[in-house]
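Below is one structure; the comments refer to it alone.
The values are calculated or read from the model by the stated rules, or taken from the named source; none is laboratory data. This is a predicted model, so every value here is computed, not measured. When we count neighbours, we look across all protein chains shown, and the Cβ atoms used for this are built from the backbone with ideal geometry, even at glycine.
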Amino acid sequence: MDWRRFSFIGFIIVFLFTVVVLIGGSRVSPTIIISSMLTTTIAVATPLTLGALSGVFCERAGVVNIGIEGMMLAAAFFGWLTAIYMNTVFKFDPNLSLWTGVLAAILTGGLFALLHAWLSITFKVDQIIGGTVINILAVGITGFLNRQMFFGEGSIFGGNVPHAPGLLPSLSKWLAPLCGGPEGCLGLPGLIQGTFLDQKPVALAAIALVLVSHYVLFNTRWGLRTRAVGEHPKAADTVGINVYRIRYVNVIIGGMLAGLGGAYFTIESVPSFEPLMTNGRGFISLAAMIFGNWTPFGAWAAALVFGASQALQINLQFFRDAIPPQWAFLQHAYIVGLAPYVLTMLILTGIIGKTIPPAADGQPYEK
Amino acid sequence: MKKLYAVLVALLVAAMLLPACAPAQTGPECAKPEVFCVGVVTDVGKIDDKSFNQSAWEGVKLAEKELGAKVQYIETTDAKDYDKNIATFADEGYDVIVTVGFALGEATVAAAKKYPNTKFIGVDQFQAEVTPGVAGLIFPEDQAGFLVGALAAQMTKTGKIGGVFGTDVVPPVWRFGEGYCAGAKYINPNIELFIVYHSDVGFDKTFTDPEWGSATAKSMIEKGADIIFGGGGKTGNGAVIGAVEAGALAIGVDTDQYYTLPEAQKGLLSSAMKLITPGVFDLIKAAKEGKFPDGNYVGKAAYAPYHDLDSQVPAEVKAKMEEINKALLDGTLKTNVTPAKTEDGKGFCTP
């Protein structure tokens, strides 16, 4: 592992939290600030983490995927649509509808990834172009269907956006029988409870998937083959590894991860869909993947930096009037919002060790 | 390679498919001077959206009943069709055309220059300069914010209330936010306010980020806030939904959001409303009587009914709210909110 990179990232996150505690500590207790910032950080980092993992799987197998944004957007729409259909048309129980929606989102991500794999592996299209096609296609399809189904003349739901069946509950609600009242769950300290137990299933799954991805990529035969195909496909081919198959499967796994990230938007965070609602988070995921040097843990840490800077930006506004005059520039939300991008650029310049992409990243394999 | 290009072209075409525009509905013989015709061009969405479009249409229906106007509407399905839909009414000789929403502002002014004999009412369209034949129906957002701020300050149990807004660079958003703080401080000068604007992103994203709104509202609730005002399009809606989901009370914006956000009904305390229906009606009446005001016309603000939470609002709070509303309307109470963001960003929220 790359300890320099991780300690740098850890330092940044601790620094961001310290700034808020120093400024807001006089108004709200530091424990509450830290717990609340951690909760926001983890929740907000969820789609970024999943998007970055998606990128790691694709690129480790040698396929550049800039279509993560589009995969997430399409998954957010079709997952939401499925949940509504299951609930209003097929009269499923709300929770079951939501879980079906999550499944549909994952499948949507997988299908879009299949398209990307087909274009870039079978047809050997320039992979940047393939990803762009996915992004444009997702914006068009979701915008078009959203309008046709909910707003157009004679639309299926007659102009009324139907009642979404709610949102996935947080873990603490699942554990409610164990927790016995609002005081505490299993006697865990408040910080852990607020940070982890109040998270929802997709956010927790994202963390679990970081561990799983790391294990798969670095401790299994499949992972070794994936990396071999991404570094030197010719060599892999000569020892009998089916390069195309490995690439196809990894791109589809990546798409399914991005699809789960899409489910976060419409099934876990808010129960509604907006055109373009992923708002560039798929691209930020790619930055997180590079920031994390194409490793699951690195990508996760980088996603947390982006999450922490959003938490910082929200919290600094709460405590705006407590900001000391010599730090007045912190009152400008957009300056704080710039922080992660500046960090990404710093990292790309190589000050904390080089970022090294897989050697065959972006190159179609010709037998 | 040929096959590949075919695939790519097919995909691109599929991505750019757009729905056909709404069919024009032919009105009665509006070109005749004795027939008074009023047409409504909606913003993208349905006429019965329980929001701006519907409120404007109700004002026009009132004009049908009270003034004997012939009325008709066109539902816009694509922002590209604004000009065309306005022109459909103008070409048929409609006397008054109501265009609903900030987004139709440019198309409305352009149409007014092209059709000097038609009067245009632009709902929520601030007129930076006067165009003959256009009245921008604007609203005192500071008063609407003041009302719900005062309500929140009376209803909070923790003494902490929050507000999640779009960017403060847009003057109406600034007025909502400042009005909210001013109203809260009018009731309790020591109230703790958590105010966050989504100013860290561009105009294209600031009003369409419900995920951010929800995360921000929850962060406020974790710090003890128990009432959240969501003001800023879909971003604000996200805050309202997130707050209700987290067990806090929420306040909506623009119209009575009890009807537009069914998922938040159980925790929606009120909404900071712009009274579009009477404003539209008054302007149509003025047009009929030949007293049409060019430039800006300031309508009225209000707070929405408490709906499901009616039994939880104490009688003295209800009385106080009516008193404040009356004082704001007759001008004895002023919000003292600046019309747009101050140079240093200071005001009621950031003293």
Subject >> Output for the stretch A:86-114, where each listed residue is in a helix (DSSP H, G or I), surrounded by fewer than 21 Cβ atoms within 10 Å (Cβ to Cβ) and aromatic (Phe, Trp, Tyr) >> reply: A:TRP99
Original post:
On the given criteria, is A:ALA287 over 30 Å from B:GLY45 (Cβ atoms) and not acidic (Asp, Glu)?
Top reply: yes
Subject >> Flag for A:GLY62 being out of contact with any strand residue (DSSP E or B) (no Cβ under 7 Å at 6 or more places or on another chain), assigned to a loop (DSSP other than H, G, I, E, B) and either surrounded by fewer than 24 Cβ atoms within 10 Å (Cβ to Cβ) or not hydrophobic (A, V, I, L, M, F, W, C) (or both) >> reply: yes
**OP:** Considering every residue within the stretch B:142-163, establish whether at least one is surrounded by fewer than 24 Cβ atoms within 10 Å (Cβ to Cβ), within 21 Å of the chain's Cα centre (by Cα) and in contact (Cβ under 8 Å) with a residue 40 or more places away in the chain.
**Re:** no
Original post:
Do we find that B:ASP308 is among the charged types (D, E, K, R), buried (at least 19 other Cβ atoms within 10 Å of the Cβ) and in contact (Cβ under 8 Å) with a residue 40 or more places away in the chain in this structure?
Top reply: no
**OP:** Taking A:THR18 as meeting all but one of (1) in contact (Cβ under 8 Å) with a residue 60 or more places away in the chain; (2) surrounded by fewer than 24 Cβ atoms within 10 Å (Cβ to Cβ); (3) not aromatic (Phe, Trp, Tyr), write down the number of the exception.
**Re:** (1)
Original post:
Only one of (1) touching a Ser or Thr at 6+ places or on another chain (Cβ under 9 Å); (2) more than 10 Å from chain B (Cβ to nearest Cβ) fails for A:MET345. Which number is that?
Top reply: (1)
**OP:** Quick one: which residue in A:GLY353, A:GLY307 is away from every other protein chain (no Cβ under 14 Å), under 30 Å from A:VAL212 (Cβ atoms) and in contact (Cβ under 8 Å) with a residue 60 or more places away in the chain?
**Re:** A:GLY353
Subject >> Residue within the stretch B:59-73 that is buried (at least 21 other Cβ atoms within 10 Å of the Cβ), modelled with pLDDT under 90 and assigned by TED's automatic domain parsing to the domain that holds B:THR108 present >> reply: no
**OP:** Report the residue count in the stretch B:174-205 for those that are surrounded by fewer than 24 Cβ atoms within 10 Å (Cβ to Cβ), hydroxyl-bearing (Ser, Thr, Tyr) and more than 7 Å from chain A (Cβ to nearest Cβ).
**Re:** 1
**OP:** Determine if the stretch A:181-192 includes at least one residue that is more than 19 Å from A:CYS58 (Cβ to Cβ), within 21 Å of the chain's Cα centre (by Cα), at pLDDT below 80 and not in a helix (DSSP H, G or I).
**Re:** no
Subject >> the stretch A:139-150 residues that are more than 10 Å from chain B (Cβ to nearest Cβ), paired with ones that are of a type in the set (S, T, N, Q) (beta carbon under 8 Å, 6 or more apart) >> reply: A:MET149/A:SER155
Subject >> Failed criterion for A:ALA288 (all others in (1) away from chain B (no Cβ under 14 Å); (2) at positive phi hold) >> reply: (2)
Original post:
Before we move on, is A:GLU274 within 14 Å of another protein chain (Cβ to nearest Cβ), within 21 Å of A:ILE141 (Cβ to Cβ) and surrounded by 19 or more Cβ atoms within 10 Å (Cβ to Cβ)?
Top reply: yes
Original post:
Given the residues B:ALA56, B:ALA112, which is the only one that is in contact (Cβ under 8 Å) with a residue 24 or more places away in the chain and at negative phi?
Top reply: B:ALA56
Subject >> Residue count, the stretch A:294-312 (criterion: assigned to a helix (DSSP H, G or I) and within 21 Å of A:ASP361 (Cα to Cα)) >> reply: 6
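Each row is one residue, and each column tells you yes or no for (1) surrounded by 21 or more Cβ atoms within 10 Å (Cβ to Cβ); (2) β-branched (Val, Ile, Thr); (3) more than 10 Å from chain A (Cβ to nearest Cβ).
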{"position": "B:ILE228", "(1), (2), (3)": "yes, yes, yes"}
{"position": "B:GLY233", "(1), (2), (3)": "yes, no, no"}
{"position": "B:ALA239", "(1), (2), (3)": "yes, no, no"}
{"position": "B:ALA243", "(1), (2), (3)": "yes, no, yes"}
{"position": "B:ILE251", "(1), (2), (3)": "yes, yes, yes"}
{"position": "B:TYR259", "(1), (2), (3)": "no, no, yes"}
{"position": "B:PRO262", "(1), (2), (3)": "no, no, no"}
{"position": "B:SER271", "(1), (2), (3)": "yes, no, yes"}
**OP:** Considering every residue within the stretch A:289-301, establish whether at least one is modelled with pLDDT of 90 or more and in contact with a Leu (Cβ under 7 Å, 6 or more places away or on another chain).
**Re:** yes
**OP:** Could you pull out every one of the helices (runs of 4 or more DSSP H) wholly within the stretch B:232-349 that has 1 or more residues that are within 30 Å of B:GLY39 (Cβ to Cβ) and among the aliphatic types (A, V, I, L, M)?
**Re:** B:276-288
Original post:
Residues of the stretch B:93-131 being in contact with a Ser or Thr (Cβ under 7 Å, 6 or more places away or on another chain) and part of a loop (DSSP other than H, G, I, E, B), which ones?
Top reply: B:TYR94, B:ASP95, B:GLN125
**OP:** Hey, could you check the stretch B:31-76 for residues that are within 24 Å of B:GLN257 (Cα to Cα) and of a type in the set (Val, Ile, Thr) and say which is farthest from the other protein chains (Cβ to nearest Cβ)?
**Re:** B:VAL60
Subject >> Residue list for the stretch A:115-138, filter: in a helix (DSSP H, G or I) and at the interface with another protein chain (Cβ under 7 Å from one of its Cβ atoms) >> reply: A:VAL133, A:ILE136, A:LEU137
**OP:** Would you be able to say whether some residue in the stretch B:209-225 is touching an Asp or Glu at 6+ places or on another chain (Cβ under 9 Å), within 13 Å of another protein chain (Cβ to nearest Cβ), at positive phi and surrounded by fewer than 24 Cβ atoms within 10 Å (Cβ to Cβ)?
**Re:** yes
